[in-house]
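The values are calculated or read from the model by the stated rules, or taken from the named source; none is laboratory data. Keep in mind that this is a model prediction, so the values were computed, not measured. Neighbour counts are summed over all protein chains in view; Cβ atoms, including those assigned to glycine, are modelled from backbone coordinates with ideal geometry.
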Amino acid sequence: MALAPLDEEITLEQLNADPYPIYRRLRAQSPVLRVASAGRTFLTKAALTKEVKDNPELFSSDDPNTPMKPAFRAHTLMRKDGEEHLRERKAMMPALTPKKIQSDWGPLYEKLAAEYVSRLPRGETVDLFTELCGPLAARILAHVLGIPEASDEEMQRWSQRLIDGAGNFGWKPEPFAASDEANDEMDLLFGQLCDKRRAEPDGSAYSVMLNADDPIPMSQIYANIKIAIGGGINEPRDALATIVYGLLTNPDQLAEVRAQQAWGKAFEEGVRWVAPIQASSRLVTEDTQLGGFDIPKGDTVMTIQASANRDEDLFENGEEFFVFRDKNPHQAFGNGPHHCAGAHIARRTVGKIILPMLFDRFPQMRLPDPGAVIWRGFGFRGPINLPVVLN
Amino acid sequence: MVKVTYVAHDGTQTTVEAEDGDSVMHAAVSNDVDGIVGECGGSMMCATCHCYVDEAWQDRVGPRSDGEEDMLEGAACEVNDRSRLSCQIKLGADLDGLVVHLPEEQF
Ligand code: HEM
């Protein structure tokens, strides 16, 4: 067999501005494509992205040269495989299960959401992205993780710096200097809170990891909290903004969602339509084949779940936001062992609590100019502003 | 081939023919059975393939697998002594005709 075709035309700027027309073309013409500008082999069909993520022996998350290492000052669970990954993941999981979130955390989340929604001014134009989506996601996560002492501003700043450092494939010094500073601040806070979280178990991720029978090393406890900070704010923030946009630009669907109280469905459709994490990388451990092409050992493949989520094989009119699809087998939370650890939190907080509360409090909310909303991102994607009139 | 019947929360029954060695989760997902999500593909990471084994089949299906308990405990709906993660039930001739019941929701 032959190597996959090589593309030297697609630029990162194009992908960052709007990757969807490109993905649509690739699904039809070149679902396995080496993209020179990204230095990765793009996989754009749902069957291929799933195959790769479900097969961690052949497609490893363990990239020894990832900029994530210096950015997090640790080799995090997201970049580990097998037993090692499982052990660290399980250490945190008791804080993140559906039941835990429903029964123990539910009332707190309701309270936090009510607080943040009710302080929004009525009758004015408000950028929901900066005024609600980001801060509320940060506050909820701070509680889940067991670091509510951190401010919304700190949580968001740390998150962004970790992400920027982890994506610093050019290995420039400034992003690492910024993530170092964030790491210093986080390490200091975690250190200060340690004794308290150990002495007074509260079900938060930090407390659960500290009090386990056979705890993982302290360095990995810190690393796990950091990966959740890096991976747990921007995605629910972007998901919320995307769904509100989708509903406000489709008033007939909004009416039906209200009538049926189908907020959970609206959540699933929002993350399908514009996946907050659009792509993930995997390192190829053995010579293999995908979609009829040779994939050599050492290659890095990129599973583009953003594209899988609009695959014509699975979705009718996938380019459109349509809440009431028969089936919605999207891959926005990934597949396989690295399936999102925060999926249940995101579903409950955004889908079951925040969305209904927001539309209940502001039944006449409007998006006066959908064209003013700017969408950005290749690795992560969502609106970066959402000017709505609240009424 | 092994027959499996899924009884949805509203009582709807769906019977599928699965391959020997397939899991109850995978057989459902590949035959478009509603009520089992199985998002993580069987890695015991998502707790969205919870099912209740029919009483008549409980003995034959056997005990929960290593590590299943922890994840199962976190499932969205009530967990009882018939609860399993369906990704951990492997089908074989001994389970031909298996009946499982599905919870109201998986997340
Ligand atoms: C709508 C919201 C969210 C989306 C769409 C999302 C998406 C994803 C995706 C696609 C992955 C897999 C990455 C890969 O395969 O390499 C992932 C992993 C992860 N997510 Fe999320 N996420 C969301 C919210 C959250 C939240 C709220 C948390 C907070 C706890 C979180 C924590 C994590 C962690 C810790 C991992 C790594 C899991 C592992 O490697 O085992 N996520 N997420």
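Numbers for the structure displayed
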item: Only one of B:Cys51, B:Cys46, B:Cys40 that is in contact with a Phe, Trp or Tyr (Cβ under 9 Å, 6 or more places away or on another chain), more than 14 Å from every other protein chain (Cβ to nearest Cβ) and not acidic (Asp, Glu); result: B:Cys51
item: Residue check, A:Gln278 surrounded by 23 or more Cβ atoms within 10 Å (Cβ to Cβ) and within 28 Å of A:Pro5 (Cα to Cα); result: yes
item: Strands (runs of 3 or more DSSP E) (entirely within segment A:278-340) containing at least 2 residues that are in contact with a helix residue (DSSP H, G or I) (Cβ under 9 Å, 6 or more places away or on another chain) and either of a type in the set (Lys, Arg) or at negative phi (or both); result: A:280-284, A:300-303
item: Criterion: closer than 30 Å to A:Ser204 by Cβ and more than 14 Å from chain B (Cβ to nearest Cβ) - qualifying residue of A:Phe359, A:Phe378, A:Phe324, A:Phe333; result: A:Phe359
item: Condition met for B:Leu102 (modelled with pLDDT of 95 or more, within 26 Å of A:Leu96 (Cβ to Cβ) and either in contact with a helix residue (DSSP H, G or I) (Cβ under 7 Å, 6 or more places away or on another chain) or more than 14 Å from chain A (Cβ to nearest Cβ) (or both)); result: yes
item: Near pairs, Cβ below 7 angstrom, 6+ apart or cross-chain, from segment B:93-107 (touching a residue at least 60 places away in the same chain (Cβ under 8 Å)) to any residue that is basic (Lys, Arg); result: B:Leu95/B:Arg60; B:Asp96/B:Lys3; B:Gly97/B:Lys3; B:Phe107/A:Arg347
item: Any hit, segment A:327-347, residues being more than 11 Å from the ligand (Cβ to nearest atom), surrounded by 20 or more Cβ atoms within 10 Å (Cβ to Cβ) and of a type outside the set (Val, Ile, Thr); result: no
item: Residues satisfying the stated conditions in segment A:123-135, i.e. of a type outside the set (S, T, N, Q) and either within 14 Å of the ligand (Cβ to nearest atom) or at pLDDT 95 or above (or both); result: A:Val126, A:Asp127, A:Leu128, A:Phe129, A:Glu131, A:Leu132, A:Cys133, A:Gly134, A:Pro135
item: Unmet requirement for A:Ser103, which otherwise passes all of (1) crowded, with 17+ Cβ neighbours inside 10 Å; (2) closer than 30 Å to A:Pro135 by Cα; (3) of a type in the set (Ser, Thr, Tyr); result: (1)
item: Test: residue in segment A:17-35 that is out of contact with any Cys (no Cβ under 6 Å at 6 or more places or on another chain) and within 14 Å of another protein chain (Cβ to nearest Cβ); result: no
item: Identity of the residue in segment A:258-275, more than 10 Å from the ligand (Cβ to nearest atom) and small (Gly, Ala, Ser), that ends up farthest from A:Phe322 (Cα to Cα); result: A:Ala259
item: Residue selected from segment A:136-150 under the condition part of a loop (DSSP other than H, G, I, E, B) and free of Cβ contacts under 8 Å to residues at least 60 places away in the same chain, by the criterion farthest from the ligand (Cβ to nearest atom); result: A:Glu149
item: Qualifying residues in segment A:336-356 (those that are away from chain B (no Cβ under 11 Å) and more than 18 Å from A:Val274 (Cα to Cα)) - the one farthest from the chain's Cα centre (by Cα); result: A:Pro356
